[in-house]
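**Student:** After the structure tokens below, expect a handful of questions from me.
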Amino acid sequence: MKNDLWATLYRGMVRANAWEQQLLRFIEQGLTSGFYHAGRGQEAVAVGACAAVRDDDYLLYDHRGLGQAIAKGIPLDRLYGDFLTRETGTTRGLGAGIVHIAWPELGILGQSGTLGGAFPIASGAALAAQMRGSDQVVICFFGEGAANRGTFLEAANVASLWKLPVIWLCENNGWSVSVSFEASSATANIADRASAYNMPGVIVDGMDVVAVHEVVVAAVARARAGEGPTLIEAKTYRFRGHYEGDPQTYREDEELEMWKKKDPIVLHEKRLLENGYSEAELGAIRNEVAEEIAVAADRALAAPKPPMERVFEGVLA
Amino acid sequence: MITLGKAINMGLRRALTEDPKVLVMGEDVGKLGGVFRVTENLQSEFGEDRIIDTPLAESGILGTAIGLALRGYRPVCEIQFDGFVYPAFDQITSQLAKMHARSLGTLKLPVVVRIPYGGGIGAVEHHSESNETYFAHTAGLRVVTCSNPNDAYWMMQQAIQSDDPVIFFEPKRRYWDKAEVNEEAPSLGLHETRTVQEGSDLTLISYGPTVRTAIEVAAVCAKEGRSVEVMDLRTLSPLDLAPVFESAQKTGRVVILHEAPTFLGLGAEIASQITEECFYSLDAPVLRVGGFNVPYPPARLEEHYLPDLDRTLDAIDRAFAF
């Protein structure tokens, strides 16, 4: 049976992927640097989770892909502008990358540069929501690598102690650059660590957008009800290198091929086709997204680059 | 007469009263009132929601404050001792200092970080350091320090009103120094250098805990017939050096006195700028008096480490002998 939410989630993943494919073309063309950490393979986590929060909820994202910010609704030409150093960027061309992208009107509070730096900031934004008596929540994305930062302890402890409305969403893609999860974690799962902070720890199939959506909906409900944070671990995989140009000598081709069989977009497409959607309908969604991406890319490319004197802008208020 | 520590307390109280978005957070700032009692009685007056006892986690304190600031609050974080700020260094330099620039001003970071700094209280390493240069070297931060109760009272309020992050260094060995506080109006803005006393033969520049030392030095020099102009920088980033240049051009001799190690300390930057701006007015090289380039020594030896009257007078002799 057709399900509007499922179709929306499909469109969300197609958008995130199409946006990234165009960015990769820009990188190939030398229009922006290869300092980009592709999110291909992990779209279900970003899209499934962000569909469970409102526009006024807060997002702290990490370096892997732009799926989270895209799913939260940030204008796509703005994102291209940040990478292409164009006036359409969220910083009108000074950003040149992920770290600089913030969009407060949609609750997007940015990325912290150093991974794991966002953990206490998430607790702070959640404390602000709690102090104001609003029912906003904070969703904080991070990888299993950043989960090893000490800042997680500091932030997770107060979030649970003060019952702050945070969803800690760990995208465990198995690899912290070149070091495997098994070689870097004392626990078999990141979610196992939740009990140390007296909060629920949930493991979900990160390749299944509907499953991710459902667990995040539950965590958001818990947070809005004042019951505190939840740690969700989505088991996923990155299909591309840590960065563009990564030789990836650290992992086996077989492992990558095995995970590619669980491509979240392909899997969800199958689900839709089995539930009343036609190939033509899905094709129409893909075409609409392609058109949207083309327009955004053209708009960003047409915008001027900032002159050198703008480098001095914005350092202080 | 009010102590410097009490003056900061009064400044915080006034800011908390005037703006409900002002919060105080840190280790032991609530029930205890801080290890130096600077936040004494604030929690009983303003409640546990605004005067927040945090876990012992400096990175967490700063990050939480950043999150609060992003959503409209004006947190004042206490770092219990200077050396305890290092666990929060990433939050301060990579997040707090940069988020405004990263977002081109879309995000505002009105956070004050209070740091009791410097030695002279018989403490040890991590409790006696002067680490202001790390923060002055980071664009996106404002860095100030007070030397007397009146400045402490007003500068704290001005720092809280700033829309930028302010690292507020408090000269801990001067917490108990007493002076009058004028509660009517501030005498200077947050980022202005003060000429503490005028003189004609030599300019002695200092800030924070060594301003009192500088005043004592000037008194001794006066007895020897040397007229020393004493300047209190107050603002370490941005620097306000126009009055310093004017003074150097007048006296022709400059000594800079601070507690931090002279090696790559603020004195080096100031000396360099004075040399660039006032070269033809100088009768002697700009000299520096400060801490040695060593870890802070044991308490029983700190009197040899801290730049004092004798070491400063010696530098002044050298400036005149040149």
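**Student:** Look through the range B:171-206, keep the residues that are of a type in the set (D, E, K, R) and assigned to a loop (DSSP other than H, G, I, E, B), and return whichever of them is surrounded by the fewest Cβ atoms within 10 Å (Cβ to Cβ). First the steps, then the outcome.
**Tutor:** Of the residues in the range B:171-206, the ones of a type in the set (D, E, K, R) are B:172-174, B:177-178, B:180, B:183-184, B:192, B:194, B:198, B:201.
Filter once more, keeping what is assigned to a loop (DSSP other than H, G, I, E, B): B:177, B:180, B:183-184, B:192, B:198, B:201.
Working: B:Asp177: 19, B:Glu180: 11, B:Glu183: 14, B:Glu184: 5, B:Glu192: 15, B:Glu198: 12, B:Asp201: 18.
Here the answer is B:Glu184.
**Student:** If you check every pair at least six apart or on different chains, which have Cβ atoms under 9 Å apart with a residue in the range A:263-284 that is farther than 19 Å from A:Glu43 by Cβ first and a residue that is in a loop (DSSP other than H, G, I, E, B) second?
**Tutor:** A:Asn275/A:Met1; A:Asn275/A:Lys2; A:Asn275/A:Asn3; A:Gly276/A:Met1; A:Gly276/A:Lys2; A:Gly276/A:Asn3
**Student:** So how many residues does the range A:258-317 have that are within 14 Å of chain B (Cβ to nearest Cβ), in contact with an Asp or Glu (Cβ under 7 Å, 6 or more places away or on another chain) and farther than 18 Å from A:Tyr80 by Cβ?
**Tutor:** Final tally of qualifying residues: 2.
**Student:** I've got another one for you. Check whether at least one residue in the range B:143-164 is closer than 24 Å to A:Ile98 by Cβ, within 14 Å of chain A (Cβ to nearest Cβ), under 16 Å from the mean Cα position of the chain (by Cα) and at pLDDT 95 or above, and report yes or no.
**Tutor:** no
**Student:** Residue under question is A:Arg78, and the condition is that it be surrounded by fewer than 23 Cβ atoms within 10 Å (Cβ to Cβ) and either within 13 Å of the chain's Cα centre (by Cα) or not in a helix (DSSP H, G or I) (or both); does it hold?
**Tutor:** Considered against the rule, which asks whether it is surrounded by fewer than 23 Cβ atoms within 10 Å (Cβ to Cβ) and either within 13 Å of the chain's Cα centre (by Cα) or not in a helix (DSSP H, G or I) (or both), A:Arg78 comes out as no.
**Student:** Can you tell me how many residues in the range B:264-294 are loosely packed, with under 12 Cβ neighbours inside 10 Å and either over 24 Å from B:Pro243 (Cα atoms) or modelled with pLDDT under 95 (or both)? Let's see the steps before the verdict.
**Tutor:** Within the range B:264-294, the subset loosely packed, with under 12 Cβ neighbours inside 10 Å is B:272, B:276, B:279-280, B:293-294.
Restricting the remaining residues to those that are either over 24 Å from B:Pro243 (Cα atoms) or modelled with pLDDT under 95 (or both) gives B:293-294.
Count: 2.
**Student:** Hey, can you tell me all the residues within the range A:215-254 that are in a helix (DSSP H, G or I) and free of Cβ contacts under 8 Å to residues at least 40 places away in the same chain? Don't jump to the end; show me each part of the working.
**Tutor:** First pass over the range A:215-254, keeping only residues in a helix (DSSP H, G or I): A:215-224, A:253-254.
Once the filter is applied, which keeps residues that are in a helix (DSSP H, G or I) and free of Cβ contacts under 8 Å to residues at least 40 places away in the same chain, the range A:215-254 yields A:Val215, A:Ala218, A:Ala221, A:Arg222, A:Asp253, A:Glu254.
**Student:** I need a count of the residues in the range A:93-125 that are touching a residue at least 40 places away in the same chain (Cβ under 8 Å), hydroxyl-bearing (Ser, Thr, Tyr) and not in a helix (DSSP H, G or I).
**Tutor:** 1
**Student:** Quick check on A:Glu87: is it surrounded by fewer than 24 Cβ atoms within 10 Å (Cβ to Cβ) and in contact with a Pro (Cβ under 6 Å, 6 or more places away or on another chain)?
**Tutor:** Numbers: surrounded by fewer than 24 Cβ atoms within 10 Å (Cβ to Cβ): yes; in contact with a Pro (Cβ under 6 Å, 6 or more places away or on another chain): yes.
So A:Glu87 passes the test.
**Student:** Using the structure shown, decide if B:Phe245 is more than 14 Å from every other protein chain (Cβ to nearest Cβ), touching a helix residue (DSSP H, G or I) at 6+ places or on another chain (Cβ under 9 Å), crowded, with 19+ Cβ neighbours inside 10 Å and not acidic (Asp, Glu). Please lay out each step first, then the result.
**Tutor:** On the way: more than 14 Å from every other protein chain (Cβ to nearest Cβ): yes; touching a helix residue (DSSP H, G or I) at 6+ places or on another chain (Cβ under 9 Å): yes; crowded, with 19+ Cβ neighbours inside 10 Å: no; not acidic (Asp, Glu): yes.
No.
**Student:** I would also like to ask the following. Return the only residue of A:Ala18, A:Ala52, A:Ala69 being touching a residue at least 24 places away in the same chain (Cβ under 8 Å) and surrounded by 24 or more Cβ atoms within 10 Å (Cβ to Cβ). It would help to see each step written out before you state the result.
**Tutor:** Values: A:Ala18 fails: surrounded by 24 or more Cβ atoms within 10 Å (Cβ to Cβ); A:Ala52 fails: surrounded by 24 or more Cβ atoms within 10 Å (Cβ to Cβ).
Residue meeting the stated conditions: A:Ala69.
**Student:** If only one of A:Gly39, A:Gly34 is small (Gly, Ala, Ser), under 9 Å from the mean Cα position of the chain (by Cα) and not in a helix (DSSP H, G or I), which one is it? Write out each step before concluding.
**Tutor:** Working: A:Gly34 fails: under 9 Å from the mean Cα position of the chain (by Cα).
Just a single option satisfies the conditions, and that option is A:Gly39.
**Student:** With respect to A:Val158, determine if the residue is closer than 28 Å to B:Arg50 by Cβ and facing another protein chain (nearest Cβ under 8 Å).
**Tutor:** On the way: closer than 28 Å to B:Arg50 by Cβ: yes; facing another protein chain (nearest Cβ under 8 Å): yes.
Yes; evaluated as a whole, the condition is true for this residue.
**Student:** Considering each residue of the range A:102-129, count those that are more than 21 Å from A:Val220 (Cα to Cα) and either facing another protein chain (nearest Cβ under 7 Å) or modelled with pLDDT of 95 or more (or both), and give that number.
**Tutor:** 5
**Student:** OK, next. Just give me the residues in the range A:126-156 being under 22 Å from B:Pro87 (Cα atoms), part of a helix (DSSP H, G or I) and either under 16 Å from the mean Cα position of the chain (by Cα) or among the charged types (D, E, K, R) (or both), in sequence order.
**Tutor:** A:Ala146, A:Ala147, A:Glu154
The values are calculated or read from the model by the stated rules, or taken from the named source; none is laboratory data. Here the structure is a predicted model, which means the values were calculated and not measured. All Cβ positions, even for glycine, are placed from backbone atoms using ideal geometry, and neighbour counts span all protein chains on display.
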